[in-house]
Amino acid sequence: MPVKGDMVLVEALLALAAAGGGAVVQAAGTDAWSALRGGVARVLGRGDAAREQGELERLDRTQAVLEAASEDEVERVRAAQAAVWQSRLELLLEELPEGERRQVVAELQALIEQAGTAGGGSSVHNDFSGSTFEKSAVQGSGTQHNTFN
């Protein structure tokens, strides 16, 4: 049975992978794409040039799929592509030894942050005090920070 610290680590890695998958989708077609594309390929390639080239090709297919999506299907396609990249990043983080994992985590965090900045992502901050939510959603674009008091 995993201890609490391990569960927190797993949740943090899953959140990072989700953010990475989202960053890939958000950056496609923007000024941030080139840097994110190369960085994600390097991270997933782990120093293997052929593997890195394969990742670049996958990323290019992702961009093409996103660009080809009709207005009716764009949200579904974006969600599906984000999930694909989230899964790829989760597998990588799961397989790495601890020392390498720390390095990859730092690289991914930097890529995600850089993509948000270069892509013109905005930051949204919401504070909720004594609020109840029923059949409602809080949405924002870019980085969102929610505080529940």
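Take the stretch 52-64 and flag every residue that is over 17 Å from the mean Cα position of the chain (by Cα) and either part of a loop (DSSP other than H, G, I, E, B) or surrounded by 13 or more Cβ atoms within 10 Å (Cβ to Cβ) (or both).
Result: E52, G54.
List pairs: first residue in the stretch 77-96 and open to solvent by less than 50 Å² (accessible area, probe 1.4 Å), second residue among the hydroxyl-bearing types (S, T, Y) anywhere in the structure, Cβ distance under 9 angstrom, at least six positions apart or on different chains.
Short answer, once both residue conditions are applied: V77/S70; Q81/T62; W85/T62.
Are any residues in the stretch 108-122 more than 17 Å from G29 (Cβ to Cβ) and modelled with pLDDT under 80, and if so, which ones?
Passing the criteria: only S122.
Which one of T132, T147 is of a type outside the set (D, E, K, R), in contact with an Asp or Glu (Cβ under 6 Å, 6 or more places away or on another chain) and either farther than 25 Å from V65 by Cβ or modelled with pLDDT under 50 (or both)?
Working: T132 fails: in contact with an Asp or Glu (Cβ under 6 Å, 6 or more places away or on another chain).
T147 is the lone residue from the list that is of a type outside the set (D, E, K, R), in contact with an Asp or Glu (Cβ under 6 Å, 6 or more places away or on another chain) and either farther than 25 Å from V65 by Cβ or modelled with pLDDT under 50 (or both).
Which ones in the stretch 65-100 are over 12 Å from the mean Cα position of the chain (by Cα) and within 16 Å of G45 (Cβ to Cβ)?
L91, L92, L93, E95, L96, E100
Every residue in the stretch 11-33 that is surrounded by fewer than 20 Cβ atoms within 10 Å (Cβ to Cβ), touching a residue at least 40 places away in the same chain (Cβ under 8 Å) and assigned to a loop (DSSP other than H, G, I, E, B), please.
If the condition is that a residue be surrounded by fewer than 20 Cβ atoms within 10 Å (Cβ to Cβ), touching a residue at least 40 places away in the same chain (Cβ under 8 Å) and assigned to a loop (DSSP other than H, G, I, E, B), then T30, D31 are the ones that fit.
The values are calculated or read from the model by the stated rules, or taken from the named source; none is laboratory data. None of the values given here were measured: they were computed from a predicted structure. Cβ atoms come from the backbone with ideal geometry, glycine included; neighbour counts cover every protein chain shown. Just so you know, the surface numbers come from the protein's heavy atoms only, side chains and all, with ligands and any DNA or RNA stripped out. Shrake-Rupley method; radii C 1.70, N 1.55, O 1.52, S 1.80 Å.
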